[in-house]
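A short worksheet on the structure shown next.
The values are calculated or read from the model by the stated rules, or taken from the named source; none is laboratory data. The structure presented is a predicted model; accordingly, all values stated were derived computationally and were not measured. Note that each Cβ is placed from the backbone with ideal geometry, even for glycine, and that neighbours are counted across all protein chains shown.
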Amino acid sequence: DTEVTQTPKHLVMGMTNKKSLKCEQHMGHRAMYWYKQKAKKPPELMFVYSYEKLSINESVPSRFSPECPNSSLLNLHLHALQPEDSALYLCASSQIKSLYGYTFGSGTRLTVV
Amino acid sequence: KQEVTQIPAALSVPEGENLVLNCSFTDSAIYNLQWFRQDPGKGLTSLLLIQSSQREQTSGRLNASLDKSSGRSTLYIAASQPGDSATYLCAISGGSYIPTFGRGTSLIVHP
C-alpha cells in the first residue's frame, strides 16, 4: 500500500461545530504532517509528528488540535473555526529523514460557514 | 532560511510542445528535491524525487535535473498533452527534513 488516505473528502461545518479530519497510511512511515492550502498558494505546514510525538507546531491556533493515536493514523480535531479557516487540508507522510520523499493524501476540502 | 522560486508562474502552450519548468533555491545544503503535480482542489502527486547525490531522474515523458552548485532544478516535459495541465510544485528538503515549497507553475496545455 503506497497511499495516504484522507477522510472525509469534503466537509462543511458551522463555526460552533466540532469535527475531525482523518488520515491513514500503511507504508511504515514514522513521520506524518498536516498542511493547510489556500487557493493558488503552496501548502503551509501546520504540524509534524515523529514517532507518534508532536515535534513541530507552526504556531497554529488552538482551535486546531492534532492527534496521532498510532503510527498509521493522524487526526485533526476542529472546534470553533472561522470562515478564514476554509481551505484544503492535506496530510502527508514520510520516513523520518524523508529519504524517499513525501507522500500526500488527496486532501479534505473544508468550508466553514 | 531556504527560499524556493519557481519560474514561470504560469504557462500556456499548444499540445505537442516540449516544456521546461524551473525551480531555484538559495541554500545548496539540500537532502533531496521532489517535483509534484497538483490538479485543482486535489492532493499532491509525486512525479520525481532527486536525492542530493543524484543529477537527474526520468519517468516516461518527464525528466528532472538537479544542479546544487547553481541552486537550480528543471522539470522537462516532452511532447506535452492536455492531460498535463495542472500546477507543478517543487519541494526541497534540507537539514530539518521538512520540505520548503515553491509557489508552483500553473500549466495549461491546449489542444
Problem - Out of A:Glu67, A:Glu84, sole residue that is of a type in the set (D, E, K, R), more than 12 Å from every other protein chain (Cβ to nearest Cβ), farther than 21 Å from B:Ser96 by Cα and in a strand (DSSP E or B) - result: A:Glu67
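Residues are listed down the side, and each one gets a yes or a no for (1) in contact (Cβ under 8 Å) with a residue 24 or more places away in the chain; (2) of a type outside the set (D, E, K, R):
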| site | (1), (2) |
| --- | --- |
| A:Met13 | yes, yes |
| A:Lys18 | yes, no |
| A:Lys22 | yes, no |
| A:Glu44 | no, no |
| A:Val48 | no, yes |
| A:Tyr51 | yes, yes |
| A:Leu54 | no, yes |
| A:Glu67 | no, no |
| A:Leu76 | yes, yes |
Completion exercise
Among (1) more than 14 Å from B:Leu107 (Cβ to Cβ); (2) of a type outside the set (D, E, K, R); (3) within 13 Å of chain A (Cβ to nearest Cβ), B:Ser70 falls short only on (3)
Problem - Restricting the range B:79-110 to residues that are surrounded by fewer than 15 Cβ atoms within 10 Å (Cβ to Cβ) and at pLDDT 95 or above, the residue that is nearest to the other protein chains (Cβ to nearest Cβ) - result: B:Ile108
Completion exercise
Going through (1) in contact with an Asp or Glu (Cβ under 9 Å, 6 or more places away or on another chain); (2) more than 24 Å from B:Thr87 (Cβ to Cβ); (3) more than 14 Å from chain B (Cβ to nearest Cβ) one by one, A:Gly14 fails only at (1)
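Is it the case that some residue within the range A:83-91 is surrounded by fewer than 12 Cβ atoms within 10 Å (Cβ to Cβ) and either over 24 Å from B:Phe36 (Cα atoms) or out of contact with any Leu (no Cβ under 9 Å at 6 or more places or on another chain) (or both)? Give the derivation first.
So the first thing to find is which residues in the range A:83-91 are surrounded by fewer than 12 Cβ atoms within 10 Å (Cβ to Cβ), and the list is A:83-84.
Still in the list and also either over 24 Å from B:Phe36 (Cα atoms) or out of contact with any Leu (no Cβ under 9 Å at 6 or more places or on another chain) (or both): A:83-84.
Within the range A:83-91, one or more residues are surrounded by fewer than 12 Cβ atoms within 10 Å (Cβ to Cβ) and either over 24 Å from B:Phe36 (Cα atoms) or out of contact with any Leu (no Cβ under 9 Å at 6 or more places or on another chain) (or both).
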Practice task
Please state which of the following conditions A:Arg30 fails to meet, knowing it meets all the rest: (1) touching an Asp or Glu at 6+ places or on another chain (Cβ under 9 Å); (2) more than 9 Å from chain B (Cβ to nearest Cβ); (3) at pLDDT 95 or above.
Solution key: (3)
Completion exercise
Note on A:Cys91: of the conditions (1) within 14 Å of chain B (Cβ to nearest Cβ); (2) not in a strand (DSSP E or B), unmet is (2)
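Condition first: out of contact with any helix residue (DSSP H, G or I) (no Cβ under 7 Å at 6 or more places or on another chain), part of a strand (DSSP E or B) and over 19 Å from A:Ser93 (Cα atoms). Can you find one or more residues in the range B:39-52 that meet it? Walk me through how you get there before you give the answer.
Step one: of the range B:39-52, the residues out of contact with any helix residue (DSSP H, G or I) (no Cβ under 7 Å at 6 or more places or on another chain) are B:39-52.
Checking the rest, the ones that are also part of a strand (DSSP E or B) come to B:44-51.
Keeping just the survivors that are over 19 Å from A:Ser93 (Cα atoms) gives none.
No: zero hits.
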Handout entry: Test result for A:Pro43, closer than 28 Å to B:Thr105 by Cα and either within 14 Å of chain B (Cβ to nearest Cβ) or among the polar types (S, T, N, Q) (or both)
Key = yes
Practice task
Determine, yes or no, whether B:Ala29 is more than 8 Å from chain A (Cβ to nearest Cβ), on the phi > 0 side of the Ramachandran plot and assigned to a loop (DSSP other than H, G, I, E, B).
Solution key: no
Exercise for the section: Any residue in the range A:98-113 that's more than 7 Å from chain B (Cβ to nearest Cβ): show its pairings with residues that are of a type in the set (Gly, Ala, Ser) at Cβ separation under 7 Å, as long as the two are six or more apart or on different chains. Expected result: A:Leu110/A:Ser86; A:Leu110/A:Ala87; A:Thr111/A:Ser86; A:Val112/A:Ser86; A:Val113/A:Gly14
